[in-house]
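Visitor: Structure in structure tokens, see below.
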């Protein structure tokens, strides 16, 4: 019997397992995919294992719903930070740190809101009609005046599997300005191979692209299908993006045993 917890961050939902005692095999791709299946399993966009770290508060291992260990997930990072607080392993909720696949992340927790420091973004590239960058996961961002009219799954899949992004593919975001500091984002996530209600690394990439598009603001409110997030960052003289923070809610939905 494995005890699991279901968390969601703006509709991006995850299975979380306390694996500090190594009770779960993270190499079992078939099992992870089965647990994430929405009809024959628990159902989730991904699964995360919280594991020990020798120096930091914990280690985050993230798996996409296809069962494969994946690149960084921003909303997953916020959910596992809240999970660690709820497990009682965090001594200071105003500042703690954990290891993820893309390096160390700082976080804070207050009233179900998690602030998560993301990696610096050193390189952005204009590609086709949009921007490409790595915010912990690779993201292509394109602007449109009406993103609700887009067939996101079809267009996202076409971009994700295009020759520009071979062999690993990319996540795909379509962005619409609602004001100078407010954007709306829809994301097609690789590994899930569908639109998700939110994507943390995606809204970070979209916010940086919004700055590149208008060269004005470094703090954005982002509307996604699952709710609302905030991103703020600093830009240095070399157009590198530093001190990048992703902020939003992370809540437990239920727990169970399987």
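The values are calculated or read from the model by the stated rules, or taken from the named source; none is laboratory data. This structure is a prediction, so every number in the text was calculated from the model and none was measured. A quick note on method: Cβ atoms are made from the backbone with ideal geometry, for glycine too, and the neighbour counts reach across all protein chains shown.
Visitor: Kindly indicate which of 63, 109 is closer than 22 Å to residue 14 by Cα, crowded, with 22+ Cβ neighbours inside 10 Å, over 16 Å from the mean Cα position of the chain (by Cα) and not assigned by TED's automatic domain parsing to the domain that holds residue 204.
Guide: 109
Visitor: Related question: Check 256, 156, 191 and return the single one that is out of contact with any helix residue (DSSP H, G or I) (no Cβ under 9 Å at 6 or more places or on another chain), in contact (Cβ under 8 Å) with a residue 24 or more places away in the chain and over 25 Å from residue 17 (Cα atoms).
Guide: Numbers: 256 fails: over 25 Å from residue 17 (Cα atoms); 191 fails: over 25 Å from residue 17 (Cα atoms).
From the options 256, 156, 191, the qualifying one is 156.
Visitor: Do we find that residue 188 is under 27 Å from residue 107 (Cβ atoms), assigned to a strand (DSSP E or B) and in contact with a strand residue (DSSP E or B) (Cβ under 7 Å, 6 or more places away or on another chain) in this structure? Break it down into steps so the answer makes sense when it comes.
Guide: On the way: under 27 Å from residue 107 (Cβ atoms): yes; assigned to a strand (DSSP E or B): yes; in contact with a strand residue (DSSP E or B) (Cβ under 7 Å, 6 or more places away or on another chain): yes.
Yes: the conditions hold for residue 188.
Visitor: On to the next question. Out of the range 112-128, which residues are surrounded by fewer than 16 Cβ atoms within 10 Å (Cβ to Cβ) and assigned to a loop (DSSP other than H, G, I, E, B)?
Guide: Passing the criteria: 112, 120, 122, 123, 128.
Visitor: Exactly one of (1) surrounded by fewer than 24 Cβ atoms within 10 Å (Cβ to Cβ); (2) within 21 Å of residue 134 (Cα to Cα); (3) in contact (Cβ under 8 Å) with a residue 60 or more places away in the chain is unmet by residue 12. Its number?
Guide: All conditions are met except number (1).
Visitor: Still on this structure, I have one more. If a residue has to be surrounded by 20 or more Cβ atoms within 10 Å (Cβ to Cβ) and part of a loop (DSSP other than H, G, I, E, B) to count, how many in the range 129-158 make the cut?
Guide: Summing the residues that are surrounded by 20 or more Cβ atoms within 10 Å (Cβ to Cβ) and part of a loop (DSSP other than H, G, I, E, B) in the range 129-158 gives 3.
Visitor: Consider only pairs whose beta carbons are under 8 Å apart and that are at least six residues apart or on different chains; among these, list those whose first residue lies in the range 99-115 and is on the phi > 0 side of the Ramachandran plot and whose second residue is buried (at least 19 other Cβ atoms within 10 Å of the Cβ).
Guide: 103/119; 112/82; 112/249; 112/250
Visitor: Would you confirm whether or not the range 82-97 contains a residue that is at pLDDT 95 or above, touching a helix residue (DSSP H, G or I) at 6+ places or on another chain (Cβ under 9 Å) and closer than 17 Å to residue 207 by Cα?
Guide: Residues of the range 82-97 at pLDDT 95 or above: 82-97.
Then keep just the ones that are touching a helix residue (DSSP H, G or I) at 6+ places or on another chain (Cβ under 9 Å); that gives 90, 93, 96.
Those still in the list that are closer than 17 Å to residue 207 by Cα too: none.
No, that holds for no residue.
Visitor: Of all residues in the range 159-179, how many are surrounded by fewer than 14 Cβ atoms within 10 Å (Cβ to Cβ) and either within 22 Å of residue 10 (Cβ to Cβ) or touching a residue at least 60 places away in the same chain (Cβ under 8 Å) (or both)?
Guide: Result for the range 159-179: 2.
Visitor: Report whether or not residue 228 is surrounded by fewer than 17 Cβ atoms within 10 Å (Cβ to Cβ), under 16 Å from the mean Cα position of the chain (by Cα) and at pLDDT 95 or above. Before the answer, list the steps.
Guide: Working: surrounded by fewer than 17 Cβ atoms within 10 Å (Cβ to Cβ): yes; under 16 Å from the mean Cα position of the chain (by Cα): yes; at pLDDT 95 or above: yes.
The answer is yes for residue 228.
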